[in-house]
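Asker: If you scroll down you'll find the structure; I have some questions about it.
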Protein chains: 2
Amino acid sequence: MTSRKSTIPLILRNSDAASSATHKPLALPPQVDIEAFNKFITGIIKLIGAENVDVISSKDQIDDASYMKPTYTHDPHHVLPQDYFLASAVVAPRNVSDVQAIVLAANELSFPLWPISIGRNSGYGGAAPRVSGSLVVNMGKNMNKILEVNVEGAYCLVEPGVTFADMHDYLVKNNLRDKLWIDVPDLGGGSILGNTLERGVGYTPYGDHWMMHSGMEVVLPNGELLRTGMGALPDPKTPKSMGLRPEDQPMNKTAQLFPYGFGPYIDGLFSQSNLGIVTKMGMWLFPNPGGYQSYLITIPKDEDLKQAVDIIRPLRLSMALQNVPTIRHILLDAAVMGSKSEYTSKTEPLNDDELDAIAKKLNLGRWNFYGALYGPEPIRNALWGVIKEAFSAIPGAKFYFPEDVPANSVLHTRDKTLQGIPTYDELKWIDWVPNGAHLFFSPIAKVSGDDAMLQYAVTKKRCKEAGLDFIGTFTVGMREMHHIVCIVFDKKSDEDKKKAHWLIRTLIDDCAANGWGEYRTHLAVMDQIMGTYSWNDNILLKFNELIKNAVDPNGIIAPGKSGVWPRQYNKSEWKL
Amino acid sequence: MTSRKSTIPLILRNSDAASSATHKPLALPPQVDIEAFNKFITGIIKLIGAENVDVISSKDQIDDASYMKPTYTHDPHHVLPQDYFLASAVVAPRNVSDVQAIVLAANELSFPLWPISIGRNSGYGGAAPRVSGSLVVNMGKNMNKILEVNVEGAYCLVEPGVTFADMHDYLVKNNLRDKLWIDVPDLGGGSILGNTLERGVGYTPYGDHWMMHSGMEVVLPNGELLRTGMGALPDPKTPKSMGLRPEDQPMNKTAQLFPYGFGPYIDGLFSQSNLGIVTKMGMWLFPNPGGYQSYLITIPKDEDLKQAVDIIRPLRLSMALQNVPTIRHILLDAAVMGSKSEYTSKTEPLNDDELDAIAKKLNLGRWNFYGALYGPEPIRNALWGVIKEAFSAIPGAKFYFPEDVPANSVLHTRDKTLQGIPTYDELKWIDWVPNGAHLFFSPIAKVSGDDAMLQYAVTKKRCKEAGLDFIGTFTVGMREMHHIVCIVFDKKSDEDKKKAHWLIRTLIDDCAANGWGEYRTHLAVMDQIMGTYSWNDNILLKFNELIKNAVDPNGIIAPGKSGVWPRQYNKSEWKL
């Protein structure tokens, strides 16, 4: 690849920044001294504007309470000290050219960048960089336009800052909800692009977000701008003579219709990775199915999980279960509805009797299955008949529609989520403990009763050892479940944080010993998890490193992301 | 990536092969002289066995009539001279270790390898290599085992030689058809793995083969063995102490259930590419839907295509059309049922009146829509009601089930294909002309009446200019159509071949000028098509070249595939 013939000034060499250290960040990246940092950041400020750059030079700037502050660049759910993963500064580029300029400047110093869309990534590290002192690139603050909503093609094209809630609002405001829905994850405030790149999931039939994306625009580590799939075909209505910058040229009209394009299909390289900064992405919207009904099936006993999962498997494969349903542990629902102290004075993990009592009090099962039916009424009725019959094999299983349950029930939230209406209630479960924060532990499980029971037993046992309640849910994909264990801890208690960290580290090893791996993880355990994907002498990691070093020879983009380190870093020194 | 610590002998340096040229292939790769070739191939023979190596040293070995000969290594539908794309030899490795040995040997000489699964790839180049003199690696001849059919998980794990027909036979013989179907393309004889890597399609709800694969095992260009996705997790039941070769170790139990794994999702790099040799692949099987009904809707007039496509779009998006249906031009069906001379004495392209006459004779429309309904009878009836009502808006549209049409009708073939029963009848249309051969031209189209009409008009016009009949079909994906234009020519006529070659080259440019690109193509026009994916100074190609040179520094795997050339080749010299 030739180097970019750039019209963008090389901001460092020509910078007239004073060499005195005006800016004193709390953290600096490796191999960068305070003078070099000042030169670098002064150049960035000059180019992008002071209003779009914040240096993190005081602990006062780090505030867990607000995602909205410009200086939000850390992990509000810090399992390590609050400032362990900390940016030196955050920059919010105004457009693609700004991103390219930042990348070119970073190359000169091998300065690590940590791109975020808006930095939610709750339970997986928030906005924090893996390498302290990185420049967090907040892609979403200014680049937050819905570029297109195409009704005929049922897709949208978005910038990094567009949230699920933004898209839903757009559909509502433009009277398009009768035609199109956006699949949403548990919390509606996240970035569509960011969630999809992390391979997050939602709960409608379009719940596999990665599968539902089509076409990307990416700033490569050398500053070049790439469009994938059919986006690599020029739009014939934009002749070169028009002089539009590449970023401003319309996407090819098939870029959001057909994901694969011609030749190697490279999109996957930019997911959970550090090979580029994605600036635009196409996403498929779910056509309004012409009818909808959410439901709850309560499953009385802890050990019924086995039978429930074995019931679910054939229903899901045959598409009688049309969407991504969830089997939630009683405490996940209980914790959404109140803190632990509202149920009990006990601080230790609750036992079976206590869990039964909570389930009884809430009129829920030890497990609770939330699903939905999509389509016209005759279709829904036919499917409901099949589902109800299948689950009736579980003694004591009960069936509810939203109108059957109290107003504060989780079903009312799921009723919204499962039809693509964003909500913000789900994370209430972190208040199960005082000063609640959380880590997600997310292994993939077979949709098999035995496997689910074993994975549940392994994780529950370790939670108990850590003195924590098991809180979790199984999210049912087509042939697997994302088992999401919510490790809730008091972030003001160092002891609690140590326990939570011990727990996730132990669970990773326990699960690897059973042949289970995680689909996504927090910064603090990325290396450990990549280390479990070790088949044949870690050939997967070696391959990823080969690609990383080729595409990003100066190692500037998100070093350490997913456990992939560029050659500039001695990864053994970065182990946690 | 470190070099492989190999137990496999470096066969060249230690070879005791005579330096005299025992073998005299018709073609040699660039930079390899006859002595070097003999040393190389003698080493390969010694290692893999003479029975698994054939040197192509006589034109008698090149036979269009049989796919089954060991020496089948060319394109039986040659639009250039029959020996234009020709292997020096073909080797059939017995196992993964053989593949690794071949790769290591090839690295020593930068000897080009052209891996095929079984080499069908009809209309796209057959078994022929892009670079003449390449060693064709016939992966499927010996490596043709069905490694697993998992009923609970509804998937299979296959080696390269397993055909769609093999899998169907397996399901039948094991009484599994009541549980699982395999999605099949038009012809049942192709390799599942090969078709999927080329991103081929079938016609059931699992028609997008690429989307339905999960997990691969790949020999990298340096000889290392990689497993992707969850396959990178060791199987805990196979401790190292067992001493199994990596290739023989069981796959992780979730490798065929969840495709993405952890970190960058790299599978796409190995599709339509030259970055490795895939040795195993997981594929999802379609759960028997519990009921099935195929149908034909005849659409009377040529210009009805517009209305039909606009009817199809919302039906497909809403999943009332559950599968990948097709809208076939009258001549595709006519040609399956007979040669041109059986309909007319005319050799020029047929005009509207003549096409109408053929349609009338066959009781078909100028366009014919083949679909199917899946599920229990009430579901099928509900969907059929919706579909029938929608298509009834087209004056004169008629509706047929298989029992309504004569025995030789295409609907009887489609009835099998759309329920995953492989057939071999479809390619009969190449006999439309004497000595019939074909090239596929395969642009992606919006599911929009206007777009379809324009693409049809552009392609039909050029077919006419080339003196050829338009024969084509639109295959309806979720949001786009694969428009497959079948360029049928007399391969014994140099003039006809020139016309066909001119036609495809002209169509590529015409379509690019309209913003349309192809999803897949024949060897002869790979460079041209990659050249149309030129947005922003060919950054996509540059990125692909960067990856290619990093992963395959000696440029041994399929140089020129999809227009991606390693640095050892001056690509301007290879333009066709």
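Asker: Can you list the HN-Hα couplings for the stretch A:363-369, worked out from phi with the Karplus curve (6.51, -1.76, 1.60; θ = phi - 60°), rounded to whole Hz and with x for Gly and Pro?
Answerer: Per residue, the Karplus-derived 3J(HN,Hα) values read 6, 10, x, 5, 10, 9, 9 Hz.
Asker: Computed FRET efficiency, Cβ-Cβ of B:LEU244 and A:THR347, R0 60 Å: what is it to the nearest 0.05? Please report the intermediate quantities before stating the final value.
Answerer: Details: r = 48 Å, r/R0 = 0.81.
For R0 = 60 Å, the calculated efficiency reads 0.80.
Asker: Right, next: Using a label point 7 angstrom from Cα along Cα-to-C-beta, what distances in nm, from shortest up, separate A:ASP169 from the other copies?
Answerer: Here A:ASP169 shows inter-copy label distances of 6.1 nm.
Asker: Further, regarding this structure: Between B:ASN381 and A:LYS145, what is the FRET efficiency for a Förster distance of 45 Å, r being their Cβ-Cβ separation, to the nearest 0.05?
Answerer: 0.50
Asker: Okay, next question. Taking the Cβ of each residue in A:THR279, B:THR71 as the centre, tally the other Cβ atoms inside 10 Å and list the residues starting with the fewest. Could the numbers behind the result be given before it?
Answerer: Working: A:THR279 24, B:THR71 20.
Taking fewest neighbouring Cβ atoms as first place, the list is B:THR71, A:THR279.
Asker: What is the average number of partner chain Cβ atoms found within 10 Å of a Cβ in B:507-517?
Answerer: Per-residue shielding by partner chains comes out at 4.
Asker: Separate question: Set the bar at 23 Å for Cα to Cα. Now go through B:LYS340/B:LYS499; A:LYS542/B:LYS141; A:LYS24/A:LYS69; B:LYS145/B:LYS428; A:LYS416/A:LYS561 and name every pair that lies beyond it.
Answerer: Values: B:LYS340/B:LYS499 18 Å; A:LYS542/B:LYS141 31 Å; A:LYS24/A:LYS69 20 Å; B:LYS145/B:LYS428 29 Å; A:LYS416/A:LYS561 33 Å.
With Cα atoms farther than 23 Å apart: A:LYS542/B:LYS141; B:LYS145/B:LYS428; A:LYS416/A:LYS561.
Asker: Tell me the Kirkwood radius of the stretch A:242-378: reciprocal of the mean inverse pair distance over distinct alpha-carbon atoms, in Å.
Answerer: Working: mean 1/r = 0.0505 Å⁻¹.
Here the Kirkwood hydrodynamic radius works out to 19.8 Å.
Asker: What angle do you read, to the nearest 10 degrees and between 0 and 90, between the alpha-carbon axis of helix B:304-317 and the longest principal axis of chain B?
Answerer: 60 degrees
Asker: Report the label-to-label distance for B:LYS388 and A:TYR67 in nanometres (one decimal), using points 7 Å from each Cα along the Cα→Cβ vector.
Answerer: Here the answer is 5.0 nm between the modelled labels.
Asker: Answer rounded, prolate or oblate for the stretch B:356-470, using the Cα gyration tensor with square roots of eigenvalues a ≥ b ≥ c: rounded when a/c is under 1.5, else prolate when a/b is larger than b/c, else oblate.
Answerer: It is prolate, given that a/c is not under 1.5 and a/b is the larger ratio.
Asker: Output the relative contact order of the stretch B:96-183, whole-number percent, from Cα pairs under 8 angstrom with separation of 6+ residues.
Answerer: 20 percent
Asker: Follow-up question, since we're still on this one. Pull up all non-local amide H partners of B:SER214: gap of 5 or more, or a different chain, and H-to-H distance under 5 Å with H placed in the peptide plane.
Answerer: Excluding prolines and chain starts, which carry no amide H, the hits are B:GLY282, B:MET283, B:TRP284.
Asker: A further question on this structure: Which value in nm describes the separation of the simple spin-label points at A:ASP356 and B:LYS360, placed 7 Å from the Cα toward the beta carbon?
Answerer: In this crude spin-label approximation the distance works out to 8.2 nm.
Asker: In whole Å and largest first, what semi-axes does the C-alpha gyration tensor of the protein assembly as shown yield when each eigenvalue is scaled by 5 and square-rooted?
Answerer: Output for the protein assembly as shown: semi-axes of 47, 37, 30 Å.
Asker: Something else about it: One decimal, nm, shortest first: give the distances between the label point of A:PRO406 and those of the same position in the other copies, each label point 7 Å from Cα along Cα→Cβ.
Answerer: 7.3
Asker: Can I ask one more? How high is the relative contact order of the stretch B:352-470, in percent, counting Cα pairs under 8 Å that sit 6 or more residues apart?
Answerer: Relative contact order here is 11 percent.
Asker: Related question: Classify the stretch A:113-259 from the C-alpha gyration tensor, please: rounded if a/c falls under 1.5, else prolate or oblate depending on whether a/b exceeds b/c.
Answerer: In terms of gyration-tensor shape, oblate.
Asker: Please give the direction-averaged projected area of the C-alpha convex hull for the stretch A:430-524, in square nanometres with one decimal. Walk me through the intermediate numbers first.
Answerer: Values: hull surface 23.0 nm².
Across all orientations, the stretch A:430-524 yields a mean hull projection of 5.7 nm².
Asker: Pull out a ≥ b ≥ c, the square roots of the eigenvalues of the alpha-carbon gyration tensor of the stretch B:364-407, then state rounded if a/c is under 1.5, prolate if not and a/b is larger than b/c, and oblate in the remaining case. Could the numbers behind the result be given before it?
Answerer: Numbers: a/c = 2.47, a/b = 1.30, b/c = 1.91.
The shape class here is oblate.
Asker: So which residue of A has the beta-carbon closest to the axis that swings A onto B, and how many whole Å away?
Answerer: Residue of A nearest the axis onto B, distance in Å: A:ALA550, 2.
Asker: As I understand it, the value is the acute angle between the Cα axis of helix B:352-362 and the longest principal axis of the Cα atoms of chain B; what does it come to in degrees, rounded to 10?
Answerer: Value to nearest ten degrees: 90.
Asker: Let me ask you something else. What nm distance separates the two modelled labels at B:SER493 and B:ASP83, each placed 7 Å from Cα along Cα→Cβ?
Answerer: 2.5 nm
Asker: Relative to the compact-globule scaling 2.2 N^0.38 Å, provide the ratio for the alpha-carbon radius of gyration of chain B.
Answerer: 0.98
Asker: Could you work out the Rg to Rh ratio of the stretch B:466-576, with Rh taken as the Kirkwood radius (inverse of the mean 1/r over all Cα pairs)?
Answerer: Value, to two decimals: 1.01.
Asker: Sticking with this one: Between the alpha-carbon centers of the stretch B:302-338 and the stretch B:19-83, tell me the distance in whole angstrom.
Answerer: 43 Å
Asker: If you line up the long axis of helix A:494-513 against the longest principal axis of chain A, both from Cα atoms, how many degrees apart are they, to the nearest 10?
Answerer: 80 degrees
Asker: Taking the beta-carbon count within 10 Å as an exposure proxy, list A:ASP98, B:ASP425, A:ASP169 from fewest neighbours to most.
Answerer: A:ASP169, B:ASP425, A:ASP98
Asker: Can you pull the mean other chain C-beta count within 10 Å for peptide A:378-388?
Answerer: Going residue by residue through A:378-388 and averaging, the value is 2.
Asker: Between the alpha-carbon centers of the stretch A:348-393 and the stretch A:128-183, tell me the distance in whole angstrom.
Answerer: Here the answer is 33 Å between Cα centres.
Asker: Now, a different point. Hey, for a label at A:GLU35 modelled as a point 7 Å past Cα toward Cβ, could you say which residues of the stretch A:93-122 have their backbone N under 17 Å away?
Answerer: Backbone N within reach: A:109.
Asker: Filter the chymotrypsin sites (Phe, Trp or Tyr not before Pro) in the stretch A:411-463 to those in DSSP coil with at most 14 other Cβ atoms within 10 Å of their Cβ, and list the result.
Answerer: Sparse-neighbourhood loop chymotrypsin sites (Phe, Trp or Tyr not before Pro): A:TYR424.
A short reminder: the numbers here are calculations on the coordinates, not readings from a lab. What you see is a predicted model, and the numbers here were worked out from it, not measured in a lab. Note that each Cβ is placed from the backbone with ideal geometry, even for glycine, and that neighbours are counted across all protein chains shown.
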